[in-house]
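Remarks on the structure that follows.
No value in this document is a laboratory result; all are computed from the given coordinates. Bear in mind the structure is a predicted one, so any value in this text is a computation, not a measurement. For neighbour counting, all protein chains shown are included, and Cβ atoms are generated from backbone atoms with ideal geometry for every residue, glycine included.
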Amino acid sequence: MATQCPDTRLSADRLRPVNRIAVNMMLDGGLGALSAPLARWLADPHGGLLHPLWFLAGGAITFLLSSLPFRVPLQYWRFSGVGDLLGIAGASFASAALFALGLHLTGFPIPTPTFPVIHGLVLLVCMGGARIVYRVSYRRATRRQASSQVILIGSDNAADLLIRAVERDPDPPFRIAGILTQGRGQAGRRIHGVPILGHVDTLDAVLSRLRPDTLVPHRLVVTDADFRGEDLAAVLEVAERRGLVVQRAPVLTDLAPANRLELRPVAIEDLLNRPQVTLDHEGMAALLRGRTVMVTGAGGSIGSELTRQIAQYAPGRLLLLDHGEFALWQIDLELSERFPAVRRETILADIRDRERIEQVFARHRPELVFHAAALKHVPMVEANPCEGMLTNVIGTRIVADAAARHGARALVMISTDKAVNPSSLMGASKRAAEMYCQALDVLARAGDAPGAMRCVTVRFGNVLGSTGSVVPVFRRQLERGGPLTVTHPDMQRYFMTVSEAVGLVLQASVRGTIRARAGSGTDALLRGGGIFVLDMGKPVKIVDLARQMIRLAGLRPDRDVPIRFTGLRPGEKLFEELFHGREAPAPTEHPGLRMATPRMVDRDQVGRTIDRLEAACHDDDVPAVLALIAGLVPEFVHNATGTVRETRPHSTDVGTIDADITGADATDAERTMPT
């Protein structure tokens, strides 16, 4: 079969817009020709409709000439809008004036003084009407093509954008049957002919009264990116009862006229009811730009996101340190593609290797160190206690000491809510790491030495979708058809997206270093070893998270996919906390950050205990390790068997936790830290 050569196809592509312009001019010329005698008859009905042929030709020629300055022949009829109608109006009245001038110059009498105005109006109605009829007929044709019906959920502005996008699509994926808005008092109105059915809160009632033969939708489409949290969860609940799928519309500002409308599933992160927090980007730039920045654990979930966000602020050098070759290669490859101008160095090293870490810091001398390297999986550390202590406690001390010796300006240590009243070895090890960094920071701030390294500790809860977290586990179980396994019906955790958590970590870094203000309450707490705690919002029940993920997959919990309770694992507790009973929460100047009132610790005493802990770990003396960590972290109550010890949370809302004394029990909460 013969194929068309590229030059021929290129010529055809170039001729296509010329042909369309020629068709537009033919149609406009024909309408202009007909408009002249019609306007003549409307101005002087007794004069009749029959006129010389040049009358028709004059109407066509004058309109085509007048339309050129207004670019009317270039209009795309299917996308005609207000701007196009304004151009047509200008061309119409210019044509009428030019036609009247032609009549006057040729000596042909003007029928009436109002003829030019009537002629202009007739041209406007004919030209604009033809385009409106074409657009409406095209919209109806595309609506008939779509077999699937949807109801839009969101603001009226977002609905307007999506409806326009559907109209532009030559093969629309769905037909819009109605709109549920977030504004009150809009029911009964229409947007581009689509009825507003009511408020989002009335979704269930609206679906009940729709006619099953015409208006019942197959899907619900959320049009607003900000529609999330509890409102979205309520929509999902109604959709589950009705057997409807809930999807999100694409980002409408990114749509081009020729793009297909691809709906996407609702993400589990959308169910977190978390307001956007404004970050101090100017401060982050001042902290990071041009500096040598090291991230330990750079291949992990938190570490890799730290490198991405830090790279946006153009550091002088970005040092990626991790002991995992593949994870380190992955993040280095991604950064090379996204931020090719940022100088990077990959460093394969184990933070527990004192000599290697010393060599790395002596060679690269980082100014800022973000210490995210840690063993974070609770059951894994329970099964390997010495490894957990060596990485989380000894490794943190090795990194912090090396950073201080080699002139680092600040070290930011990533901690966890499991360090509060810990019941697991992982949590206790992170609390011990917090204590050491607190002691270093107190020593540095007390002396006010210009070169002293600041230690900023940031504590937060679970990160959605991180490696080893519950969300990827649920996704794998869903792909296999279930069941979804949950340890306990009352299990609750604080959740935050990884990008949000890292953004607030950087915010805390700014606040703890260059934005520290002498005399402020936050600065006073920092001088005492205060810990930044991210505002995690409300805790989420894990079983509710499982049910929502099943719904997001278009399935029904306990019917299509069962949920099985497996019991607490060693080291786990039902409810995590963000503050110890003796760490009264204090606000900061930034809405996303709070401070834990410090519990004073003595660096020498902590250091001596960590020395003994390191020796016991190298000897694989687990009983000694357990005894030493219990002495170092007196509130540590080890739940080695996974026993359910709590029946309700000490505080159900992080926003009201300030009024509560939290802890494993009253005795633990009142224990005194070593001084």
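Simple rule: put +1 on each Lys or Arg Cβ and -1 on each Asp or Glu Cβ in the range 281-620, find the dipole, and look at THR566, ALA410, ALA285; the Cα lying farthest toward the positive end is ALA285. Dipole check for the range 281-620: with +1 at the C-beta of Lys and Arg, -1 at the C-beta of Asp and Glu, and the Cα centre as origin, the magnitude is about 640 Debye.
How much net charge surrounds GLY243 when only other residues with a Cβ under 12 Å from its Cβ are counted (Lys, Arg +1; Asp, Glu -1)? Don't skip to the end; give the middle numbers.
Working: positive: ARG219, ARG241, ARG242, ARG551, ARG556, ARG559; negative: GLU240, ASP560.
Residues near GLY243 contribute +4 overall.
Sorting TRP41, TRP54, TRP329 by the number of Cβ atoms found within 10 Å of their own Cβ, with the fewest placed first, yields TRP54, TRP329, TRP41. The residues packed around SER424, meaning those with a beta-carbon under 10 Å from its beta-carbon, carry a net charge of +2 if Lys and Arg are +1 and Asp and Glu are -1. Peptides 174-181, 554-561, 342-349 ranked from most to least packed by the mean count of surrounding Cβ atoms within 10 Å: 174-181, 342-349, 554-561.
Over 18 Å between Cα atoms: which of LYS430/LYS538; LYS418/LYS573; LYS376/LYS430; LYS430/LYS573 fall into that group? Distance filter (> 18 Å) returns LYS430/LYS538. When MET435, MET26 are sorted by how many other C-beta atoms sit within 10 angstrom of their C-beta, beginning with the fewest, the order is MET26, MET435.
Ranked by how many other Cβ atoms sit within 10 Å of their own Cβ, fewest first, the residues MET549, MET389 fall in the order MET549, MET389. Taking a ≥ b ≥ c as the square roots of the eigenvalues of the Cα gyration tensor, an a/c ratio of 1.5 or more together with a/b no larger than b/c marks the range 333-403 as oblate.
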